[in-house]
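Okay, structure first, notes after.
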Amino acid sequence: MFDFSLFTNWIHSFLSSFMPEWLTITTECVLIGVALLLTYALLALFYIYFERKVCAAFQCRLGPNRVGPMGLLQSFADMFKMLIKELISLNHTDKFLFALAPYLVILASMLAFAVLPWGNGLQIIDFNIGIFFLIAVSSIGVLGILLAGWSSNNKFTLIGALRSGAQMVSYELSIGLSVLTMVVFAGSMSVGDIVNAQDNLWFIFSGHIPAIIAFIIYLIAGTAETNRGPFDLPEAESELTAGYHTEYSGIHFGFFYLAEYLNLFIVSGVATLLFFGGWMPLHFPGWDGFNAIMNYIPGVVWFIGKAIVISFIIIWFKWTFPRLRIDQMLALEWKYLLPINLFNLVLMVLIVVYGIHL
Amino acid sequence: MPYEAWKDNEYIESLVKELQDNGANVVVGSFDKLINWGRSNSIWPLTFATSCCGIEFVSLGAARYDMARFGWEVARSSPRQADFIMVAGTIVHRMAPVLRRLYDQLAEPKYVIACGACAVSGGPFKKSYHVVMGVDKIIPVDVYLPGCPPRPEAMIYAIMQLSRKIKVEKFFGGVNRQEKQEEFLKNHPIPGVED
Amino acid sequence: MADTQEIIAKLFPQATFEEGDILTVEIPDSQWHDLAETLRDNGELSFDFLMTIVGMDWVEKMGCIYYLTSTKYNKRIAVKVATEDRVNPALTSIADLWHIAGIYEREVYDFFGIIFINNPDMRRLFLSIDWKGYPLRKDYDASPETNPVPEDNERQSDFTQVYTRDADGKIECKEERIFAENDFVVNIGPQHPATHGVLRFRTAVDGETIKKIDVYMGYIHRGIEKICENLTYPQTLHFMDRLDYFSAHPYHHCLCMTIEEAAGIEISRRAQVIRVMMDELSRIASHCLFIGTFCMDLGATTMLFYALRVREQILDIMDKTCGARMTFNYECIGGVMQDLAPDFVEDVKALLKIIPQNLKEYDKLFTGNVITKNRMEGVGVLGREEAISWGVTGPSGRASGWACDVRKTTPYSIYPELDFEEVIRHEGDSMARFKVRMGEIEQSARILEQLVDNIPEGEYCVKVPKVIKLPVGHWFRTVEGCRGTFGVYLESDGTVNPYRLKLATPSLPAAAVVDSLTRGDKIADLITIGGSLDYIVPDIDR
């Protein structure tokens, strides 16, 4: 596999050849920031288009096809419009918190990007508690949602925010436990180590039964974490108009809209990392020819491709299932997923201890 | 959609001509073009329906007519996030202040399509004691769409006309919407239509 | 009929009788409450279903006509109660005997200004608090200056009035709170995706649990009944399309039948068959749309598009014959407007072929789903007695085990010759209401199958006089609309215009029952229950 660290190291040495060290680091930070923002925006726009097309296909429709070739420019047009749409300021609200909320939501998804393994060596920061960091920052998002719901001074948004709070607190647990199961299996919290440990075989294969159980639970909990159907209670269209972001207009609403899709990508990205080898190509022990061919496909393609496939499954959920009710949703988590998860963790520990894995 | 493909409304054509007569700054003009491209291609409706026309609006979203092709399928339930309100159905006295409020809650730029005979003029309920005779008594209307209810094809045409109207707007300096409707009509008489 | 009359005459010597297709009893107001109680509770009468209350203004006096049905003996009776006081008209309320009576009485109060004593909630129903005058009175000033289009938001009152009569016979007015003082009241509607139009629920909630709902109607009240009083009979027909726009054909059918019966017009068999086929086609289309919108309310948007595919196919058939997709104005006095389109039979056969496949698909995609079952089973249980007392007819009533299909109980047109089953379930929950509608699609398809090859030749419309004048009298006819029993009350004074046209629609009880069904359930259940009752707002408000 091509190691991107060669490229990044080259940039570093090139910059430091004529700059003092502090300036080099500043420049690199700016470069990374720009690259990140660009990826962020493009991915979100792509995802919006992707969801609309997939949804149309499920509903026997065509989906956007007028703006640009095959409607590819549709989400760009939406973005331009959203950028210059009026920002309505409300009376009787906490203006600062009201404005802060969308930024918190977007910040949470932005921070999570820092540890995603895009490719071999193509990772912003790889530190020893990468996964832990990921879980920690992704919970900031709920803060933004709660703030949005509360500061809008609207009863619908408040109910939406409370639902969201209950949902996040519950499903964070499932996400944490299923991630923990895989961390036990990998023996490390570092993202780089986890990916490298899947060099021979992806965890979903090598971890067999407990890994598959953990993956299914992760997928359910991940759907809930991103507030998508059938868990889209905080923004249930037919119940709460637009839920917690009812009062937001213009680009502030745009942030919520983008963050929803980015969170979808992050959840799929983490699933890719934990179960499908991150950027690691599909390798089978002993199939050397096959493995070599797989290596020709760049790691970035592998990572994004796998993430998109998993997001497709999550989108599939949304356009198939009806919505759950709040008590049913909580019952699903606390009465079913949590016990299964705990049992699964024990199972995984046993498997690791006795070495019954591939 | 290429602009030339649906150049069939003389009234708007004359408006365009008038606007372009004054000329435009190269930079501002191209910015305007970009913005208008975005706005006219992304018009999100507010989910608003009072009666029969609303069901035809649902049909418009369904597989046969599929308004998603044009990017109009993102129907928002919150007026803050929608671009235009399709007044689909009769508006009665009790609903009038509510509609007015919904219109006020829409974020600029906002547009209104009066959809169906009832919204245009009161339609079959002209003699009723409780029906508002045309929504233009309450809110400014951009496109009138007759029919009872209009067929989905007609609705597509109406929204396309709206999209055209947005294309000739100016974002920087003088948005033609800010003129009052009566004044605007006085300055731009429609040929063949009195008053 | 005779024995009903005897029983009443024995107990209430003051009652006077008027024979007709429905026995009409006239009784002074002072004895009305006792008579109502007797009619409901006497085992030999058991008129337990209050079909409608028709408010009337006979100029010299004002009053109401109550239409009651006995579900046990399948009999109907009408009771006339009147007062001569036009300034402060007051009648005794029967809201304590029938749940739905409270709402119907509010409607009469709204239109005629008749106060009902002891009604626990005597507010206006359709018009706003500040509306001046009572529009259906004959002396109402309809000029727009009296009631201009309001510019400010509607005045909102947290109080309701209750009128009682004290020992001396004087009427007293008391104000009562609608909600408790510290309730967290969420305003759902009038513009809300879940209300299927413009209905408004003021909902008191405790967390996610609903404590009480106050339903506000009238956001699309168009005054059709009043407009009709100034139109000729053929002109009134087209409003039937715009009430419940999904059952345009059955509603048309009902008004045509009433006028034809009054004018003594016999219509040809071909026209009858065409009318019944159109009724059943619109029933399928309507239930398809119900499935779609209901699933969308529950969050399964995709089902809407699947269900709409079948509906589009039916609309095509209608489009070819009637020339419109929704407001057909097809049935006319004497038959139907035009003959069937040449490929009508072929199209209906194609439709019948795909319906079973589609129903199977819906079952697979939606009904069998675990989430669906959890959301719908046991939610909003409406018992049989409750359903009758609330007057919830149609598929919703049949889901509660009440055999209320007008096509079976009081058959009209060619329905007695047809072979079909009345779909009845006994659970009374949202799932039962959903399944009854699925079953009715099958039954309607069965009726179509019997008719499609047997459309008789003949004229589609008989010759009727250019100007239709009805004799003096009153008529009440019902049909089975797509959402329940639809009744038309027609009173004629011998001129070309109806003196009074009252439309008893099935959606009003369905919307009124929401409050009692949702108490103690979650907000999400409100959406399920509202969706499963399948009310159409213009049908409520008229």
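The values are calculated or read from the model by the stated rules, or taken from the named source; none is laboratory data. Worth saying up front: this structure is predicted, and the values here are computed from it rather than measured. Because the Cβ atoms are built from the backbone with ideal geometry, glycine has one as well, and the counts that use them run over all protein chains shown. Surface accessibility is based on the protein's heavy atoms, side chains included, excluding ligands, DNA and RNA. Shrake-Rupley method; radii C 1.70, N 1.55, O 1.52, S 1.80 Å.
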Inset, instruction - May I ask what percent, to the nearest 5, of DSSP beta bridges between residues of the range C:1-142 are antiparallel? - result: 75 percent
Inset, instruction - Quick one: go through the range A:147-188 and flag any residue whose amide nitrogen is under 16 Å from the point 7 Å out along the Cα-to-Cβ line of residue A:336. - result: A:171, A:174-175
Inset, instruction - Grab the alpha carbons of the range A:131-195, take their convex hull, and tell me the volume per residue in Å³. - result: 65 Å³
Inset, instruction - Pop the C-beta distance of residue C:408 and residue C:230 into the FRET formula with R0 = 35 Å and round what comes out to the nearest 0.05. - result: 0.40
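Once you have a ≥ b ≥ c as the square roots of the Cα gyration tensor eigenvalues for chain C, tell me rounded if a/c is under 1.5, and otherwise prolate or oblate according to whether a/b is larger than b/c.
Here chain C falls in the oblate category.
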Inset, instruction - Keeping all protein chains in place, calculate the accessible area per residue for the range A:82-354 (probe 1.4 angstrom), answer in Å². - result: 36 Å²
Legend entry - Descending principal axes extents, the range B:45-157, alpha-carbon based, whole Å: 40, 28, 19
Legend entry - Span from the the range C:41-113 Cα centroid across to the the range A:4-32 one, whole angstrom: 87 Å
Inset, instruction - Output the relative contact order of chain A, whole-number percent, from Cα pairs under 8 angstrom with separation of 6+ residues. - result: 22 percent
Inset, instruction - Note the full-extension length gain between residue A:72 and residue A:350 as 0.36 nm times their separation in residues minus their Cα-Cα distance, in nm to one decimal. - result: 95.1 nm
Legend entry - DSSP beta bridges in chain C [antiparallel fraction, %, rounded to 5]: 90 percent
Legend entry - Length-normalised contact order of chain C in % [C-alpha pairs under 8 Å, at least 6 apart]: 15 percent
Inset, instruction - Per residue, how big is the convex hull around the C-alpha atoms of the range C:229-541? Give it to me in cubic angstrom, could you? - result: 120 Å³
Legend entry - Nonlocal amide H pairs with residue A:323, under 5 Å, H built at 1.01 Å: C:299, C:300
Inset, instruction - Pull up all non-local amide H partners of residue C:52: gap of 5 or more, or a different chain, and H-to-H distance under 5 Å with H placed in the peptide plane. - result: C:67
Inset, instruction - Mind giving me the nanometre distance, one decimal, between the label points for residue C:123 and residue A:25, set 7 Å out from Cα along Cα→Cβ? - result: 6.6 nm
Legend entry - Exposed chymotrypsin sites (Phe, Trp or Tyr not before Pro) absent - longest run of chain A, DSSP non-H/G/I/E/B, at most 15 other C-beta within 10 Å: A:128-286
Inset, instruction - Would you mind getting the accessible area per residue of chain C, heavy atoms of the protein chains only, 1.4 Å probe, in Å²? - result: 34 Å²
Inset, instruction - With r as the distance between the Cβ atoms of residue C:381 and residue B:101 and R0 = 25 Å, compute the FRET efficiency 1/(1 + (r/R0)^6) and round to 0.05. - result: 0.10
Inset, instruction - Tell me the label-point distance for the pair residue C:85, residue C:463, using the 7 Å Cα-to-Cβ offset, in nm and rounded to one decimal. - result: 5.5 nm
Legend entry - Long-range Cα-Cα pairs in the range C:117-259 (distance over 24 Å), rounded percent: 53 percent
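Please give me the summed charge of the neighbours of residue C:27: other residues whose Cβ is under 11 Å from its Cβ, Lys and Arg +1, Asp and Glu -1.
-2
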Legend entry - Cβ-derived FRET efficiency at R0 51 Å, residue A:94 paired with residue A:295, nearest 0.05: 0.40
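Based on the mean of other beta carbon atoms within 10 Å per residue, what is the order of C:410-420, C:308-318, most packed first?
Peptide ranking by packing, descending: C:308-318, C:410-420.
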Inset, instruction - Return the distance in nm (one decimal) between the two label points of a simple spin-label model at residue C:156 and residue C:176, each offset 7 Å from Cα along Cα→Cβ. - result: 2.2 nm
Inset, instruction - Let me know the mean shielding of B:101-113 by other chains, meaning the per-residue number of their Cβ atoms within 10 Å of its Cβ. - result: 3
Inset, instruction - Restricting things to alpha carbons, tell me how big the protein assembly as shown is in terms of Rg and Dmax, in Å. - result: 32.5, 115
Legend entry - P(r) histogram, all alpha-carbon pairs of the range C:265-334 included - 5 Å bins from 0, percent: 4, 16, 22, 20, 14, 11, 7, 4, 2, 1
Inset, instruction - Compute the separation of the alpha-carbon centres of the range C:309-364 and the range C:238-290 and state it in Å as a whole number. - result: 14 Å
Inset, instruction - Please list, in chain and number order, the residues 5+ apart from residue C:116 or on another chain whose amide H is under 5 Å from its amide H, with Hs placed from the backbone. - result: C:91
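How crowded by other chains is A:62-74, given as the mean number of beta carbons from other chains within 10 Å of each beta carbon?
That works out to 4 on average.
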Inset, instruction - Could you work out, residue by residue across C:181-189, how many beta carbons of other chains sit within 10 Å of that residue's beta carbon, and then give the average as an integer? - result: 2
Inset, instruction - Treating cross-link reach as a plain straight distance, find the lysines whose alpha-carbon is under 28 Å from the alpha-carbon of residue C:72, omitting any fewer than eight places away in the same chain. - result: C:10, C:80, C:408, C:435, C:502
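Determine the calculated [θ] at 222 nm for chain A from helices alone, applying -39500 (n - 2.57) to every DSSP H run no shorter than 4 residues and normalising by the residue count; nearest 500 deg cm²/dmol. Present the calculation step by step, with values, prior to reporting the outcome.
On the way: 16 runs with 245 residues, N = 358.
That calculation yields -22500 deg cm²/dmol at 222 nm.
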Legend entry - Local net charge near residue A:283, Cβ-Cβ under 15 Å (Lys/Arg +1, Asp/Glu -1): -1
Inset, instruction - Let me have the relative contact order for the range C:374-467, percent, based on Cα pairs under 8 Å that are six or more residues apart. - result: 30 percent
Inset, instruction - Ignoring everything but the protein chains, give the 1.4 Å probe accessible area of residue A:34 in square angstrom, nearest 10. - result: 90 Å²
Legend entry - Mean shadow area of the range C:1-156 over all directions, Cα convex hull, nm²: 10.3 nm²
Inset, instruction - Could you let me know the centre-to-centre spacing of the range A:126-143 and the range B:33-50, using Cα atoms, in angstrom? - result: 37 Å
Legend entry - Area projected by the alpha carbon convex hull of chain A, averaged over all directions, nm²: 20.6 nm²
Inset, instruction - Counting residues in the range A:247-358 as N, plug N into 2.2 N^0.38 Å and put the Cα Rg over that result. - result: 1.45
Legend entry - Percent of beta bridges antiparallel (DSSP, the protein assembly as shown, rounded to nearest 5): 75 percent
Legend entry - Coil-residue GluC sites (Glu not before Pro) of the range C:105-185, DSSP, other Cβ within 10 Å capped at 10: C:145, C:151, C:181
Inset, instruction - Would you tally the net charge around residue C:491, using a Cβ to Cβ cut-off of less than 9 Å, leaving residue C:491 out, and scoring K and R as +1, D and E as -1? - result: +1
